[in-house]
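The values are calculated or read from the model by the stated rules, or taken from the named source; none is laboratory data. These numbers come from a predicted model, not from an experiment. Glycine also receives a Cβ, built like all others from the backbone with ideal geometry; neighbour counts cover every protein chain displayed. With ligands, DNA and RNA removed, areas are computed over all heavy atoms of the protein, side chains included. Shrake-Rupley method; radii C 1.70, N 1.55, O 1.52, S 1.80 Å.
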Amino acid sequence: HVDFSENNIVGSIPDGLYSLRKLINLYLHNTALTGTLSSKVENWVELNNLYLGNNELIGEVPTEITRLRKLRFLILHANKFKGNIPSSINEMKNLFYLDLSYNDLTGGLPGSLSGCTKLRHAYLDHNKLSGPIPSSYSRLGDDWIIDLTMDSNQLTGGLPSEWGDRKKLLTLKVQDNNLTWEIPKDICKQWVLDGNGEL
């Protein structure tokens, strides 16, 4: 367990951290980290929680991060990551919480994200993602996604018609895109069944 969060850390992620193969939790959020996230992240095979949000990290999200099969929380928001979301993200079968918001990510939304069947919270907003919303997102998280934010991107097309038949989607945000669509007539029949939701 390593927690250096909420500090003014200068420089990049120390190379020595990547050698900690039995590391379970790494909290480096809300610091001043710079540099890139190394492909050596694949060494963290036991990692459950990775918090790197609100830093100054640059470069692409390494594809090797998808080899962390035990990872449940992946928090990379508010950095300067660019490039595509790794298409092999579906390999992260235990992923529960994904936050890639407030970066400079480009390309399309990976349809493979629907392979993360335990995913309940996905924040993809405030990037430069483009193209349509994959139809497979209507079954995101094995039909049990709770929060899905895709607002403030460059998405086009419409919302898949299958979205009216959800089990428990409480928050869906798609504003500030280039979407042109008709709201599915059944969209409110099964959403927000208990408690307060947001659409």
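In order along the range 114-119, phi translates into HN-Hα couplings of 5, x, 7, 6, 9, 5 Hz, rounded to whole numbers, per the Karplus curve 6.51 cos²θ - 1.76 cosθ + 1.60 with θ = phi - 60° and x for Gly and Pro. Each residue of the range 66-83 is assigned a 3J(HN,Hα), and the resulting list reads 6, 7, 7, 6, 9, 5, 10, 10, 10, 10, 10, 5, 6, 10, 10, 5, 10, x Hz, derived from the Karplus form 6.51 cos²θ - 1.76 cosθ + 1.60 (θ = phi - 60°), x at Gly and Pro.
Restricting everything to alpha-carbon atoms, can you work out Rg to Rh for the chain with a Kirkwood hydrodynamic radius? Walk me through the intermediate numbers first.
Working: Rg = 17.1 Å, Rh = 17.3 Å.
Radius of gyration relative to Kirkwood radius: 0.99.
By a 1.4 Å probe calculation restricted to protein chains, residue 21 has an accessible surface near 140 Å², given to the nearest 10.
Taking the solvent-accessible surface of protein heavy atoms with a 1.4 Å probe, what is the per residue accessible area of the chain in Å²? Before the final figure, lay out the partial values.
Details: 9380 Å² over 199 residues.
Accessible area per residue, the chain: 47 Å².
May I ask you to give the percent of accessible area on the chain that is carbon plus sulfur, with a probe radius of 1.4 Å?
On the chain, the fraction of accessible area on carbon and sulfur atoms equals 48 percent.
Residue 102 sits with roughly 120 Å² accessible to a 1.4 Å probe, with DNA, RNA and ligands left out of the calculation. Go ahead and set up a Gaussian network model of the chain, Cα springs under 10 Å, then flag whichever of 47, 68, 17 fluctuates most. Looking only at 47, 68, 17, the largest GNM fluctuation is found for 17.
Treat every Asp and Glu Cβ in the chain as -1 and every Lys and Arg Cβ as +1, leave all other atoms uncharged, and give the resulting dipole magnitude about the Cα centre to the nearest 20 debye. Could you put the intermediate results ahead of the total?
Numbers: 20 positive and 23 negative charges, 106 e Å.
Here the size comes out at about 520 debye.
In the range 10-106, how does Rg compare with the Kirkwood Rh, expressed as the Rg/Rh ratio over alpha carbon atoms?
Values: Rg = 12.1 Å, Rh = 13.2 Å.
Checking Rg against Rh, the ratio lands at 0.92.
The label point for residue 45 and the one for residue 12, both projected 7 Å from the Cα toward the Cβ, are 2.5 nm apart.
Close amide H contacts of residue 176 (hydrogens built in the peptide plane, cut-off under 5 Å, sequence separation of 5 or more or a different chain): 152.
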